[in-house]
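Quick notes on the structure that follows.
The values are calculated or read from the model by the stated rules, or taken from the named source; none is laboratory data. Since this is a predicted model, take the numbers as computed values, not measurements. All Cβ positions, glycine included, derive from the backbone under ideal geometry; neighbour counts span all protein chains shown. Side chains included, ligands, DNA and RNA excluded: accessible areas come from the protein's heavy atoms. Shrake-Rupley method; radii C 1.70, N 1.55, O 1.52, S 1.80 Å.
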Amino acid sequence: MKLATLRNGSRDGRLVVVSRDLTRCTDASFLAPTLQAALDDWRRISPHLAALAETLEHGAVPSERFHEHEALSPLPRAYQWADGSAYVNHVELVRKARNAEMPESFWTDPLIYQGGSDSFLAPRDPIAMADEAWGIDMEAEIAVIIDDVPMGGSREQAQEAIRLLMLVNDVSLRGLIPAELAKGFGFFQSKPSSAFSPVAVTPDELGEAWDGGKVHLPLLVDLNGERFGRANAGIDMTFDFPTLIAHAAKTRPLSAGTIIGSGTVSNKLEGGPGKPVSEGGAGYSCIAEVRMVETITRGEPATPFLRFGDVVRIEMRDAGARSIFGAIEQTVVKYEAA
């Protein structure tokens with residue numbers, strides 16, 4: 001089934017079930033007022049949501065047109081947003097951009113940072129930043145929403161806890177990252193609010209593209225209407241989602257509604273760092289990678305970070321070219337204090 005949260009004037013919105021073709025939705029707030037409420041009682045409520053989804057497909061329940069512009073992120077705020085970096089090719093390239101060595105342990109021990117989860121952007125909200133000099137970048141990712149996982153939970157427990165999947169734009173401010181990390185206390189100002197896809201889907205909606213730990217489909221990233229990235233999310237993912245979840249749960253329990261991100265989807269090409277889509281490659285899911293590749297191949301970066309007026313679009317389509325999650329589409333604008 002596919003679930004979304006529509007604007008209704010409250011912080012947490014109204015839960016709806018969305019048709020598979022993303023054209024219609026029906027109210028689900030009589031089962032659970034919000035997605036978080038559904039996740040808190042998933043085993044009891046999810047069968048009723050699934051039944052509602054089936055009646056929606058058969059036109060046997062009142063429905064309304066589903067407009068992605070009216071959707072908040074599926075969880076407009078969450079108890080926890082922990083973002084991994086499962087595509088080690090991305091880590092390697094970005095660290096090179098900062099002239100930082102990459103320890104060998106990065107290939108065996110996952111990276112995860114704890115992001116801000118109190119103010120997610122809606123999938124069509126602008127990315128409002130005060131200064132282009134901060135190095136505004138998109139990071140196209142996949143995320144899972146999980147059920148409760150006990151501290152020290154196994155990989156099998158982690159896999160069983162995956163309830164929903166969605167797409168992410170993990171906005172990063174590249175110009176602020178080096179000095180912030182140099183303090184030795186991690187990301188904060190350099191990682192502003194992220195945005196998630198209009199719809200979150202249960203794993204069965206992905207069919208054979210979901211193997212229990214990875215999504216084997218290209219992630220479509222466009223910048224100003226041009227193809228920027230077509231990396232396959234199932235390729236070069238060093239750590240799958242159950243591994244990331246179990247790693248996050250090593251020293252703490254994870255509660256229902258926790259979001260775990262994959263990190264920027266990134267593919268190698270013939271052992272190298274990849275090529276732009278325009279040159280026959282899979283392209284990139286963030287600007288930092290293409291800048292690093294330009295530095296390696298040309299001696300200096302040529303692609304600028306995002307500027308005011310730029311438009312980022314992130315989407316994933318199934319084998320029949322149908323949108324699975326709807327699209328994140330955001331314009332970068334200058335922030336003006338209210």
Summarise the accessible area of the chain (1.4 Å probe, protein heavy atoms) by the percent that is carbon and sulfur. 51 percent
What does the charge count near Ala60 come to, summing +1 for each Lys or Arg and -1 for each Asp or Glu among other residues with Cβ under 14 Å from its Cβ? -1
Helical mean residue ellipticity (222 nm; -39500 (n - 2.57) per DSSP H run of 4+; nearest 500) of the chain: -5500 deg cm²/dmol
Most mobile of Phe188, Phe239, Phe196 per a Gaussian network model of the chain (Cα springs, under 10 Å)? Phe188
Just to be sure I understand: with springs between alpha-carbon atoms less than 10 Å apart, which residue in Leu269, Leu164, Leu52 has the highest mean-square fluctuation in the Gaussian network model of the chain? Leu269
Mind checking the full-extension length gain between Tyr79 and Trp107? Use 0.36 nm per residue of separation minus the Cα-Cα distance, one decimal, nm. 7.2 nm
Here the relative contact order (percent) of the chain, from C-alpha pairs under 8 Å and at least 6 apart, is 22 percent
Have a look at Ser285, Thr251, Ala338 and report the one farthest towards the positive end of the charge dipole of the range 210-338, computed about the Cα centre with Cβ charges (Lys/Arg +1, Asp/Glu -1). Thr251
Using the eigenvalues of the Cα gyration tensor, what equivalent ellipsoid semi-axes result for the range 123-239 when each is taken as the square root of five times the eigenvalue, whole Å, largest first? 28, 20, 13
Could you state, as a whole-number percent, how many of the C-alpha pairs of the chain are farther apart than 29 Å? 35 percent
With a cut-off of at most 13 other beta carbons within 10 Å, and DSSP calling the residue loop, which GluC sites (Glu not before Pro) in the range 93-155 qualify? Please list them. Glu101
I want to check a number: in the chain, how many lysine pairs have alpha carbons closer than 25 Å, given a sequence separation of 8 or more or different chains? 12
Rolling a 1.4 Å sphere over the protein heavy atoms, what is the accessible area per residue of the range 33-109, to the nearest Å²? 51 Å²
